[in-house]
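Coordinate-derived values only; no laboratory data. Not measured: the values here are computed from a predicted model. In this analysis, Cβ positions are derived from the backbone assuming ideal geometry, glycine residues included, and neighbour counts consider all displayed protein chains.
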Amino acid sequence: MSILQVSGVAKTFAGKGGGTVALEATDLLVQENDFITILGPSGCGKSTLLRMVAGLDTPTSGIISLDGKPVAGPGADRGMVFQSYTLFPWLTVLQNVCFGLREKGLPLPRQVEIARHFIARVGLQDFEQHFPRQLSGGMQQRTALARALANDPRILLMDEPFGALDHQTRELMQELLLGIWEEQRKTVLFVTHDIDESIFMANRVVVMSARPGRIKCDLPVPLAHPRH
Ligand code: ADP
Ligand code: ADP
């Protein structure tokens, strides 16, 4: 069975002249362990689709189910990493990564144990007492990734997570994420407008077009890492 089902999901934003159709009725089935990149030009509805899966926005019609249960609002079963750093600026790296674990009510020593494991996995073991402002962009995204993984989500939702990084850092982050995906068999839905990135990362590329947003094709991609 697919882990995520998007069935007839459409989104219209209210406004003048009937509003903006951000997404036409869309179907997408995500299988466990898929690494799907959603590729398309600016304005084709990529973020809107991801935000609805995240529960941050509601479809105008259609239904989104995770493990057979309709999603209603955000939940710890979906880990999110967005382009603009969404870390809590007043919390250290360790506290940021502990955040969801604390919400779950885990005892502090267990929170710290789990958080340290993922902080080390993204290579930030020497920075756990740093605040986000003391970190480079890449390091902040590493922290966001560790925080998402620490909650053991069913699916990782990533919206141009490396879009603000320089080329070299971006490649490092891509390798890091792929390594984690291969080792933990995570399911990933990854939005990008970068063709190289979409083909390099994915086992499936979903290509969208704009006006109105719709899926044009859904292609399997043979994995071809390492890059060099
Ligand atoms: P992408 O992520 O592919 O760049 P978006 O999902 O952000 O595309 O946007 C799809 C369309 O929906 C665009 O035409 C955009 O202007 C419109 N849109 C997105 N969010 C809103 C909003 N909150 N209110 C009105 N229109 C929106
Ligand atoms: P990333 O590849 O994660 O974006 P950078 O390339 O910016 O990181 O940084 C490379 C290295 O420089 C880091 O691994 C770290 O050792 C050091 N560094 C970067 N920013 C800081 C900082 N604010 N404080 C201490 N060391 C830093």
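List of remarks:
- Looking at the stretch 1-160, the DSSP beta bridges with both ends there are about 75 percent antiparallel.
- In terms of the mean number of neighbouring beta-carbon atoms within 10 Å, the peptides 121-127, 95-101 order highest first as 95-101, 121-127.
- Annotation: amide H-H contacts under 5 Å for V191 (H modelled 1.01 Å from N, sequence separation of 5 or more, or interchain): I38, M158, D159, E160.
- Full extension of the chain between K104 and S209 gives 33.9 nm of extra length, using 0.36 nm per residue less the Cα-Cα distance.
- The Rg/Rh ratio for the stretch 122-228 is 0.98, where Rg is the radius of gyration of the alpha carbons and Rh is the Kirkwood radius.
- Of K16/K69; K104/K186; K69/K186; K46/K104, pairs whose Cα-Cα distance is over 28 Å: K16/K69; K46/K104
- Relative contact order %, the stretch 116-191, counting alpha carbon pairs below 8 Å whose residues are six or more apart: 33
- The chain, relative contact order [Cα under 8 Å, separation at least 6], %: 29
- Ranked I119, I64, criterion: other C-beta atoms within 10 Å, fewest first: I64, I119
- Of all the options D34, D67, D196, the one that moves most in a Gaussian network model of the chain with Cα springs shorter than 10 angstrom is D196.
- Cα-based equivalent ellipsoid of the chain: semi-axis lengths in Å, sorted from largest, via gyration tensor: 29, 20, 17
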